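Asks: Handing you this structure, nothing more for now.
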Amino acid sequence: MNISLENRVIWLAPERTGSSITKKIFENYNFFSVTKKNDYKLLDFRQTVHSHENKLSEQYSNFNIITNIRNPYDRVFACYQKFYLEKPILRNIKDFKEKFSIWVAENFWSLGFYVFLSPRYDDVNNFFQKWTFEKQDVDYFIKMENLKEDLIKLPFISKEEGEIERINDLLKDNSFKNERYHSFQDAYDVKSAKLVYEFFKPCFYKFDYDPFSFTKELLSDGDKISFIHNTFD
């Protein structure tokens, strides 16, 4: 986890949700990284990287919780490109969509409506299970799709002109953006989308993401009903 004792907040930072640029903004607000690797010592953000761990200490149970979040369809797609592709960018959309669908089916397993991760995801490489937000309460969330606006809404972020300019400059010059040939909406078919939707259903509802945003096509009411209510059997 990441923590600011001064602001009495814990910041959770899922992979591929704009956490790197958020960390740079939080460097001015007395944040520390807390990781198992460093024996849970508080390490100043200006001297270390941020933590992707989601373990919360009862010592800070009265702190507010902030999290970065991203449309689950887009986040799974981004993790696939970042962590699992030998070549992060594939130009051929047909081959890309087929490869991605195979990867989703190999990693998200289904039984009825229940979807679970394959055993390949241990505690170290678990990019998904720890971020379903099924039980975790959140006081503030920062959507990657609405990064600047959600950051500025945080009560401890200075609204002074100089700080707003700094945030604007950091977001404008964000070196962490991916150059991608394809949108996540180019990558999904109905089956792969259904697997991701069922696994991350708490995220869709907690953070108000559209279950049908996996496609650019206009779905009929029947298609939407089928998508939500049909099982994999």
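Asks: Looking only at region 175-228, filter to residues that are among the basic types (Lys, Arg) and assigned to a loop (DSSP other than H, G, I, E, B); which one of those is modelled with the lowest pLDDT?
Replies: LYS177
Asks: Now for a separate question. I'd like the full set of residues that are more than 18 Å from ARG70 (Cβ to Cβ) and assigned to a loop (DSSP other than H, G, I, E, B), limited to region 152-166.
Replies: Result: PRO155, PHE156, ILE157, SER158, LYS159, GLU160.
Asks: If you go through region 131-151 one residue at a time, do you hit one that is under 27 Å from LYS82 (Cβ atoms), in contact (Cβ under 8 Å) with a residue 60 or more places away in the chain, of a type in the set (Ser, Thr, Tyr) and assigned to a strand (DSSP E or B)?
Replies: Yes, region 131-151 contains a residue that is under 27 Å from LYS82 (Cβ atoms), in contact (Cβ under 8 Å) with a residue 60 or more places away in the chain, of a type in the set (Ser, Thr, Tyr) and assigned to a strand (DSSP E or B).
Asks: Which residue pairs have Cβ atoms closer than 8 Å, lie 6 or more positions apart in sequence or on different chains, and pair a first residue in region 70-85 that is at pLDDT below 90 and in a helix (DSSP H, G or I) with a second residue that is aliphatic (A, V, I, L, M) and surrounded by fewer than 20 Cβ atoms within 10 Å (Cβ to Cβ)?
Replies: GLN81/ILE89
Asks: Please specify each residue of region 49-69 satisfying the condition of being within 21 Å of the chain's Cα centre (by Cα) and either assigned to a loop (DSSP other than H, G, I, E, B) or surrounded by fewer than 20 Cβ atoms within 10 Å (Cβ to Cβ) (or both).
Replies: Passing the criteria: VAL49, HIS50, SER51, HIS52, GLU53, ASN54, LYS55, LEU56, ASN64, ILE65.
Asks: In this structure, is LYS153 at pLDDT 95 or above and surrounded by fewer than 19 Cβ atoms within 10 Å (Cβ to Cβ)?
Replies: For LYS153, the condition - at pLDDT 95 or above and surrounded by fewer than 19 Cβ atoms within 10 Å (Cβ to Cβ) - is met.
Asks: Could you please find all residues in region 22-69 being closer than 22 Å to TYR209 by Cα and modelled with pLDDT of 95 or more?
Replies: THR22, ILE65, ILE66, THR67, ASN68, ILE69
Asks: Within region 24-45, does at least one residue satisfy the condition of being touching a residue at least 24 places away in the same chain (Cβ under 8 Å), farther than 28 Å from ALA193 by Cβ, in a strand (DSSP E or B) and assigned by TED's automatic domain parsing to the domain that holds ILE142?
Replies: yes
The values are calculated or read from the model by the stated rules, or taken from the named source; none is laboratory data. Note that the structure is predicted; figures quoted are calculated from it, not measured. Cβ sites come from the backbone with ideal geometry, for glycine too, and all protein chains shown count toward neighbours.
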